[in-house]
Amino acid sequence: MKFGVLVFPGSNCDHDTYHVIAEVAHQPVTFLWHDSEDLQGVDAVLVPGGFAYGDYLRTGAIARFSPVMQAVKKFAAGGGLVLGICNGFQILTEAGLLPGALMRNAGLKYICKQVHLRVETADSPFTNQLAKGDVLEIPIGHMEGNYFCTPEELRRLEAEDRIAFRYATAKGEITPEANPNGSLGNIAGILNEKRNVLGMMPHPDRSSEAILGSQDGWKIFASMIEALATH
């Protein structure tokens, strides 16, 4: 199996994500430049965090028009696995691969800290190594992480079991106090209809090794590897 990590002008977590696949997962991985539609035969695409195109206009608004994203749309439509992390989540919503939008944090401040997530579904290629109700400790680092969608979209996400993660307490309780950015329903990550695209604001790339304080993020990458291996 082969992973591809997108690189936009302003990406700053591309090397973090590449490192996890190359040095922790020991899987083939390549960088995919924003100005090319060639995905180089990868089996999964990772859209990393950062500030693509400087977050001008709004987060992800320019990146969605890049040649590589046109290729990613076709890849996802064909069932390919796509994981968007932080800025990557923002790009996926702008590109129409996921519903809703990421707005400014409720407190209008950049937030960088460890948070707890409750796993809402194990039925996806990204969470098959987890169990519903598991609590993960994974860091966030964003200014626009406040997830919003229409009431109709929210009902669909809930009815179709497409909410992957919610911000929670260390005991797994969904409370307003556990919500760092004001996200609707404490939502931290969602899936598309086919369940092959995941967007999440927390950084599994920053929590895949013990030296970083948590290895919980590794379980998401391990799930992807298992899904690809058994496909």
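Among the residues of this structure, Leu157 does not count as one that is surrounded by 19 or more Cβ atoms within 10 Å (Cβ to Cβ) and assigned to a strand (DSSP E or B).
For every residue, the table says whether it meets (1) among the aliphatic types (A, V, I, L, M); (2) in contact with a Leu (Cβ under 9 Å, 6 or more places away or on another chain).
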position	(1), (2)
Ala76	yes, yes
Gly80	no, yes
Gly96	no, no
Arg104	no, no
Ile111	yes, no
Pro125	no, yes
Ala131	yes, no
Tyr147	no, yes
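Residue-wise test of (1) touching a strand residue (DSSP E or B) at 6+ places or on another chain (Cβ under 9 Å); (2) closer than 23 Å to Arg195 by Cα; (3) surrounded by fewer than 21 Cβ atoms within 10 Å (Cβ to Cβ).
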| position | (1), (2), (3) |
| --- | --- |
| Gly4 | yes, yes, no |
| His15 | yes, no, yes |
| Pro28 | yes, no, yes |
| Asp38 | yes, no, yes |
| Val45 | yes, yes, no |
| Pro48 | yes, yes, no |
| Leu57 | no, no, yes |
| Gly60 | yes, yes, no |
| Lys74 | no, yes, yes |
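Is it true that some residue in the range 163-177 is under 22 Å from Gly88 (Cα atoms), in contact with a Lys or Arg (Cβ under 9 Å, 6 or more places away or on another chain), outside any strand (DSSP E or B) and not polar (S, T, N, Q)? No, every residue in the range 163-177 fails to be under 22 Å from Gly88 (Cα atoms), in contact with a Lys or Arg (Cβ under 9 Å, 6 or more places away or on another chain), outside any strand (DSSP E or B) and not polar (S, T, N, Q). Looking only at the range 101-157, residues that are in contact with a Phe, Trp or Tyr (Cβ under 7 Å, 6 or more places away or on another chain) and of a type in the set (A, V, I, L, M) come to 7 in all. Within the range 122-149, the residues that satisfy the criterion of being under 15 Å from Asn186 (Cα atoms), touching a residue at least 40 places away in the same chain (Cβ under 8 Å) and in a loop (DSSP other than H, G, I, E, B) are Glu144, Gly145, Cys149.
Has the range 105-113 got any residue that is part of a loop (DSSP other than H, G, I, E, B), of a type in the set (Val, Ile, Thr) and in contact (Cβ under 8 Å) with a residue 40 or more places away in the chain? Scanning the range 105-113 turns up no residue that is part of a loop (DSSP other than H, G, I, E, B), of a type in the set (Val, Ile, Thr) and in contact (Cβ under 8 Å) with a residue 40 or more places away in the chain. Restricted to the range 198-222, and to residues there that are among the aliphatic types (A, V, I, L, M) and either more than 23 Å from Ile91 (Cα to Cα) or more than 8 Å from the chain's Cα centre (by Cα) (or both), the residue that is surrounded by the fewest Cβ atoms within 10 Å (Cβ to Cβ) is Ile211.
Each reported figure results from applying straightforward, stated rules to the coordinates on display, with no laboratory input. All values reported here derive from a predicted model rather than from experimental measurement. FYI the Cβ positions are ideal-geometry reconstructions off the backbone, even for glycines, and counts take in every protein chain you see.
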